[in-house]
Amino acid sequence: MSGAFIVIEGADGAGKSTLCRNISKALESRGIDIVVTAEPTHEGIGAFIRSGEAGSISQRTEALLFVADRNNHTEKIEKMVSEGKVVLCDRYFASTVAYQSAKLDGDSSDRGWLIDINRRFIGIPDATILLDIDPAIGMGRVGTRGEEISKFERLDFQNQVRSNYLFLAKEFGFNIIDSSRSEQEVFSEAMSILDRVIR
Ligand code: TYD
């Protein structure tokens, strides 16, 4: 069979990890060679971002680190796809545009800059699924993690992330799934999208 590159996107609490697990199990049981991966990655630049060792850097610098991690990751993804594997990636370029432009106060010129810089270094996924949920519901799922910022600030930030994602979905033709529905319903809808792509 030929390989495919599938991306799952969504704000915190949208249910990406659960969906990735369910898709992976389903494709494995069909005998498909599936690799689940994520960004930021867990090695090299991705591990550096996750470690917090970059210290207090600007959002622009952080965005560049995410893109550098992505460029490295994309080379590996493209190799796996060329070997016939289905690669399922938890977050890709839309995460940088949605999150880093929200952190930059949602300024649309920053969003344009973030799209431009990503365009140079990304592969084109065969399908991107956006799990869309009202942050008031999604954040309830995540629960409070004892962060320094207030619940309202978090909600405001996640609302900006959501609206950036919806803008990108229109611009780049993402498949939107309403992830306030049950795990089973979200999974079935995702599989019907993937069945059109994986052959
Ligand atoms: P997340 O998917 O929550 O990873 P994990 O469940 O393994 O911790 O992603 C971690 C955070 O990184 C999340 O809040 C979104 C953020 N992020 C960005 O801000 N920009 C990016 O480009 C990516 C890939 C992630």
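Worth a mention:
- Distance (nanometres) between label positions extended 7 Å along Cα→Cβ at E153 and S2: 4.9
- Counted over the chain with a bin width of 10 Å, the fraction of Cα pairs per bin, in whole percents, is 9, 35, 39, 16, 2.
- Of all complete DSSP H helices in the chain, those with a Cα span along the helix axis of 15 Å or greater and a mean Kyte-Doolittle hydropathy of 0.0 or more are 183-194.
- With all protein chains modelled, accessible area of M191 [1.4 Å, Å²]: 20
- Cross-link reach list, lysines versus K85, counting only Cα pairs under 21 Å and skipping chain neighbours closer than eight places: K16, K25, K76
- Per-atom-type breakdown for the range 4-194 gives carbon and sulfur 49% of the accessible area (1.4 Å probe, protein chains only).
- V36 - accessible surface, heavy atoms, 1.4 Å probe, Å² rounded to 10: 80
- Solvent-accessible surface of the range 4-194, taken per residue with a 1.4 Å probe and all protein chains present: 49 Å².
The values are calculated or read from the model by the stated rules, or taken from the named source; none is laboratory data. Quantities reported herein were computed from a predicted structural model and do not represent experimental measurements. Note that each Cβ is placed from the backbone with ideal geometry, even for glycine, and that neighbours are counted across all protein chains shown. Surface areas here come from the heavy atoms of the whole protein model, side chains and all, with no ligands, DNA or RNA. Shrake-Rupley method; radii C 1.70, N 1.55, O 1.52, S 1.80 Å.
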